[in-house]
Amino acid sequence: MRETELSGRTALVTGAGRGIGAAVARLLADQGARVVAVDRDADGVTALEDEYGAGRITGRAVDITDRAAVDALVTDAERTAGPLDILVNVAGVLRTAPVVELTDQDWDDTFAVNTTGVFQLSRAVARTMTTRRSGCIVTVGSNAAGVPRAGMAAYAASKAAATLFTKCLGLELARSGVRCNVVSPGSTDTPMQRQLWTGPEARDRIIDGDPESYRVGIPLGRIAEPRDIAEAVGFLVSDRARHITMHDLYVDGGATLRA
C-alpha cells in the first residue's frame, strides 16, 4: 500500500461507524484521502474523527434513508471537505427470517438502507462527479446477492438490486470518466456477522460448511476480517484500477465457488 496513493482526494464512506465501513474509512485515510465518515450511529464516526483528527476524517451522523438529508450531506461535504472523488456505499442492515415469517417492516427497512440508500447517495454524488468528468463509486454488496441463502431473502434481494443498480450506473457514467464497481464480501467478522452466530461452534460451521442449510464452507479456511474487504475497495478506487468499471469483485475466500 502506498501511503500517498489517494493524497489530495476526498472520499465519502457510509456505514463508517463500525465493521467494514470503519475499516474502509481508515484505509482510505491511511492512503492520504480526506474522508467524510457517515453513519446513523454518531458515536462510531465521532470516535473515528477523534482517532484521526477532523482534517483527515470528518464524522457525520446521517440517516441515508432520508433523501433530503442525503442531498444536504453531499452539498455540505463538497463545500467543507472538497469535491468528492470517491463514494463507498457500505451502510447495510440485516433482517433474517423465512419468507413466510418476514414482516413488511423488515422488508421495507432492508431495502430502504441496502438499496434505496445506495441509489440516493450514488445519484447525488454522480451529479457532481459527472460535471468534473472523474470519480469512483464502489458499492459493498454481498456474495448472498449471487447465491440463495435460507432466511436471508430480503438481504440477498436488496444486495442483488444494489449490485445491478451500480453496474447500470457504471454504464451510464462511463463516458463521463466515472467508474462504478461492486465488492461482494462473504462471511466477515463484523457485528452483523456475529448476530447470526448461535453458539461456540458457529464460526467452525461457517468455515466447514453446513449441508442442512445448503452452504458450502470457505475453501481458504478463514473468515474475512474487515480489512480484507477494505483492501479490495482501496484497489478499486485507486488509479491501479483505472480501466475497471461495472465489475463485481467477490471477496469471500471462495465460499460461493463463484457461482
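The values are calculated or read from the model by the stated rules, or taken from the named source; none is laboratory data. Note that the coordinates shown come from a computational prediction; the quantities given were computed from them, not determined experimentally. When we count neighbours, we look across all protein chains shown, and the Cβ atoms used for this are built from the backbone with ideal geometry, even at glycine.
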Picking from Ala124, Ala144, the residue that is part of a helix (DSSP H, G or I), small (Gly, Ala, Ser), assigned by TED's automatic domain parsing to the domain that holds Ala29 and within 16 Å of the chain's Cα centre (by Cα) would be Ala144
Within the stretch 7-19, the residues that are in contact with an Asp or Glu (Cβ under 8 Å, 6 or more places away or on another chain) and crowded, with 24+ Cβ neighbours inside 10 Å are Ala11, Thr14, Gly15, Ala16, Gly17
Among residues of the stretch 127-141 being at negative phi and in a strand (DSSP E or B), the residue surrounded by the fewest Cβ atoms within 10 Å (Cβ to Cβ) is Cys136
Among Ala37, Ala91, Ala61, the single one that is farther than 21 Å from Leu164 by Cα, crowded, with 20+ Cβ neighbours inside 10 Å and small (Gly, Ala, Ser) is Ala37
Notebook entry, point to check: Would it be correct to say that Ile229 is in contact with a Pro (Cβ under 6 Å, 6 or more places away or on another chain) and crowded, with 21+ Cβ neighbours inside 10 Å?
Noted result: yes
Can you find even one residue in the stretch 178-192 that is over 21 Å from Thr130 (Cα atoms) and assigned to a helix (DSSP H, G or I)? yes
Here the residues within the stretch 202-225 that are part of a loop (DSSP other than H, G, I, E, B), over 15 Å from Tyr250 (Cα atoms) and out of contact with any helix residue (DSSP H, G or I) (no Cβ under 9 Å at 6 or more places or on another chain) are Gly209, Tyr214, Val216
Taking first residues from the stretch 63-88 that are over 11 Å from Val38 (Cα atoms) and second residues anywhere that are basic (Lys, Arg) and buried (at least 21 other Cβ atoms within 10 Å of the Cβ), the pairs with Cβ under 7 Å that are 6 or more apart or on different chains are Ala81/Arg34; Gly82/Arg34; Asp85/Arg9; Ile86/Arg9
Checked the stretch 114-131 for anything farther than 18 Å from Glu172 by Cα and touching a Gly at 6+ places or on another chain (Cβ under 6 Å); matches are Asn114
Residue pairs qualifying under the 7 Å Cβ cut-off, at least six apart or on distinct chains, with the first in the stretch 232-243 being free of Cβ contacts under 8 Å to residues at least 60 places away in the same chain and the second being surrounded by 23 or more Cβ atoms within 10 Å (Cβ to Cβ), are Ala232/Val183
Yes or no: Val13 within 22 Å of Val183 (Cα to Cα) and outside any helix (DSSP H, G or I)?
yes
Out of (1) among the β-branched types (Val, Ile, Thr); (2) at pLDDT below 95; (3) part of a helix (DSSP H, G or I), the one Thr166 does not meet is (2)
